[in-house]
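**Student:** To start, I am sharing the structure in question, which I have written as structure tokens.
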Amino acid sequence: MSIQILPARLANQIAAGEVVERPSSVVKELVENSLDSAATSIEIEIEKGGHKRILIRDNGSGIASDELALALSRHATSKITCLDDLEAIHSLGFRGEALASISSVARLTLTSKPEKQQQAWQAHCEGRDMQVQVNPVAHPAGTSVDVADLFFNTPARRKFLKTEKTEFAHIDEVVRRIALSRFDVSFSLKHNGKVVRKYPAISASGNKIKRLTAICGKGFTDACLEINSQYQKFELHGWMLPPTELASGHEFQYVYVNGRMMRDKLINHAIRQAFEGIDNAEFRPGYVLYLSIEHDQVDVNVHPAKHEVRFHQARLVHDFIFRALSDVLKQYLQNENSGSATTVLPPVEP
Ligand code: ADP
Ligand code: MG
């Protein structure tokens with residue numbers, strides 16, 4: 001067979017294989033776009049576990065009418081322009097792939113109104129080649145992305161979707177994780193017309209424990225130890241469970257690097273090492289940890305879904321996290337042994 005350039009839609013569908021694994025990955029990508037647009041309120045509406053419909057509505061900066069079609073094309077992004085930008089990414093997105101990928105495997109409607117634009121405009125795109133129609137509609141300032149019939153044109157992928165319940169559980173988990181990354185943004189999650197989660201925004205000086213409790217449960221917040229550590233330009237904040245059998249909430253093992261949720265082998269190793277020697281075989285550490293590091297010290301362009309990062313000073317990051325957690329644990333165990341009370345967190349406000 002001769003060599004040919006793939007048609008745009010097929011190329012996007014191939015890229016979608018990496019970015020759009022299931023409904024929850026659509027939710028992740030769209031909510032990250034809303035956060036990048038400086039939204040302070042994000043509403044998520046799901047029908048039938050996302051099989052039927054995923055709708056994300058935000059009050060962010062919006063997309064100008066003449067850029068709607070462009071936003072849907074591959075490698076189109078407003079977030080980076082040159083290689084230097086790529087070396088110090090400040091936004092969650094930068095690859096310009098999500099909207100193109102999602103629209104190649106679903107019926108996507110993008111509606112947006114920047115604050116200063118008189119009229120909202122809407123672009124619709126489905127199954128055909130990347131021809132996008134744009135029409136004026138009514139919509140408040142901000143953006144809505146409506147994704148219907150995910151994988152309708154890729155039956156092989158549709159077959160891999162799990163039950164409505166399972167897919168919704170994945171979505172719920174993604175929303176939980178993202179909600180823990182931005183306490184200053186309000187999130188709501190509806191399923192089949194019913195509000196199932198509401199995480200109101202918490203101001204910078206407000207009590208974050210409320211949202212932590214809403215997400216990880218009172219067992220977690222009552223027992224958890226607070227972490228606040230700094231070394232050079234690294235900072236680690238967050239909470240972790242002490243090695244007591246009673247504490248519930250060990251299923252929460254969340255790590256954020258510069259506000260981005262991660263599954264990072266290096267960080268996991270540092271955490272495991274900090275808990276080594278705890279003679280409670282049953283214990284699984286539960287934690288919500290936020291690492292801040294200079295943007296040019298971490299490469300996020302490693303994985304299409306950006307689950308992984310590479311640290312320039314990997315050893316230093318590893319040892320910093322290990323030390324920060326071991327210090328808190330050591331302190332806790334000392335207090336336990338000397339019988340003194342460990343009230344680490346302020347009480348939850350009613
Ligand atoms: P990326 O996020 O990597 O830039 P996407 O395909 O996710 O790529 O989005 C393409 C572009 O569309 C973004 O760079 C942004 O300019 C615009 N965009 C997407 N979603 C939103 C939104 N909710 N609000 C404002 N602009 C958006
Ligand atoms: Mg994006």
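The values are calculated or read from the model by the stated rules, or taken from the named source; none is laboratory data. Owing to the predicted nature of the structure, the values given are computational and were not obtained by experimental measurement. Because the Cβ atoms are built from the backbone with ideal geometry, glycine has one as well, and the counts that use them run over all protein chains shown.
**Student:** Tell me which of these LYS28 doesn't satisfy, since it passes every other one: (1) buried (at least 18 other Cβ atoms within 10 Å of the Cβ); (2) under 21 Å from THR154 (Cβ atoms); (3) over 16 Å from the mean Cα position of the chain (by Cα).
**Tutor:** With respect to (1) buried (at least 18 other Cβ atoms within 10 Å of the Cβ); (2) under 21 Å from THR154 (Cβ atoms); (3) over 16 Å from the mean Cα position of the chain (by Cα), LYS28 is out only on (3).
**Student:** Can you run down the residue pairs with Cβ atoms below 8 Å, 6 or more apart or on separate chains, where the first is in the stretch 281-299 and in the same structural domain as LEU316 (by TED's automatic domain parsing) and within 28 Å of GLU87 (Cβ to Cβ) and the partner is of a type in the set (Val, Ile, Thr) and part of a loop (DSSP other than H, G, I, E, B)?
**Tutor:** Final answer for the pair search is HIS295/ILE89; VAL298/VAL309; ASP299/VAL309.
**Student:** Can you tell me which residue within the stretch 31-54, out of those that are surrounded by fewer than 18 Cβ atoms within 10 Å (Cβ to Cβ) and not small (Gly, Ala, Ser), is farthest from SER112 (Cα to Cα)?
**Tutor:** LYS48
**Student:** Kindly list, by first and then second residue, each pair from a residue in the stretch 262-273 that is assigned by TED's automatic domain parsing to the domain that holds PRO243 to a residue that is not β-branched (Val, Ile, Thr), limited to pairs with Cβ atoms under 6 Å and residues at least 6 apart or on different chains.
**Tutor:** Hits for this filter: ARG263/HIS307; LEU266/ALA314; LEU266/HIS318; ALA270/HIS318; ALA270/PHE322; GLN273/PHE322.
**Student:** Is there a residue in the stretch 55-64 that is of a type in the set (Asp, Glu) and more than 9 Å from ligand 1 (Cβ to nearest atom)?
**Tutor:** No - not one qualifying residue is present in the stretch 55-64.
**Student:** Looking at (1) at pLDDT below 95; (2) surrounded by 14 or more Cβ atoms within 10 Å (Cβ to Cβ); (3) under 23 Å from the mean Cα position of the chain (by Cα); (4) not β-branched (Val, Ile, Thr), find the lone condition where HIS237 falls short.
**Tutor:** For HIS237, the failing item is (1).
**Student:** Also, quick follow-up: Near ligand 1 (Cβ under 9 Å from one of its atoms), out of contact with any Pro (no Cβ under 8 Å at 6 or more places or on another chain) and closer than 22 Å to GLN133 by Cβ, is that true of SER91?
**Tutor:** Spelling it out, it is not the case that SER91 is near ligand 1 (Cβ under 9 Å from one of its atoms), out of contact with any Pro (no Cβ under 8 Å at 6 or more places or on another chain) and closer than 22 Å to GLN133 by Cβ.
**Student:** Name the residue that is farthest from the chain's Cα centre (by Cα), counting only residues in the stretch 267-304 that are under 15 Å from HIS237 (Cα atoms) and β-branched (Val, Ile, Thr).
**Tutor:** ILE271
**Student:** Let me ask you something else. Could you say which residue among THR143, THR109 is over 30 Å from LEU212 (Cα atoms), β-branched (Val, Ile, Thr) and surrounded by 17 or more Cβ atoms within 10 Å (Cβ to Cβ)?
**Tutor:** Only one candidate qualifies: THR109.
**Student:** Which of the numbered conditions does LEU70 fail, given that it passes all the others? Conditions: (1) surrounded by 18 or more Cβ atoms within 10 Å (Cβ to Cβ); (2) more than 16 Å from the chain's Cα centre (by Cα).
**Tutor:** (1)
**Student:** Okay, next question. Among the residues of the stretch 177-200, is there at least one that is modelled with pLDDT of 95 or more and at positive phi?
**Tutor:** There is at least one residue in the stretch 177-200 that is modelled with pLDDT of 95 or more and at positive phi.
**Student:** Something else about it: Just for strands (runs of 3 or more DSSP E) wholly inside the stretch 1-115: which have at least 3 residues that are within 16 Å of ligand 2 (Cβ to nearest atom)?
**Tutor:** 53-58, 107-113
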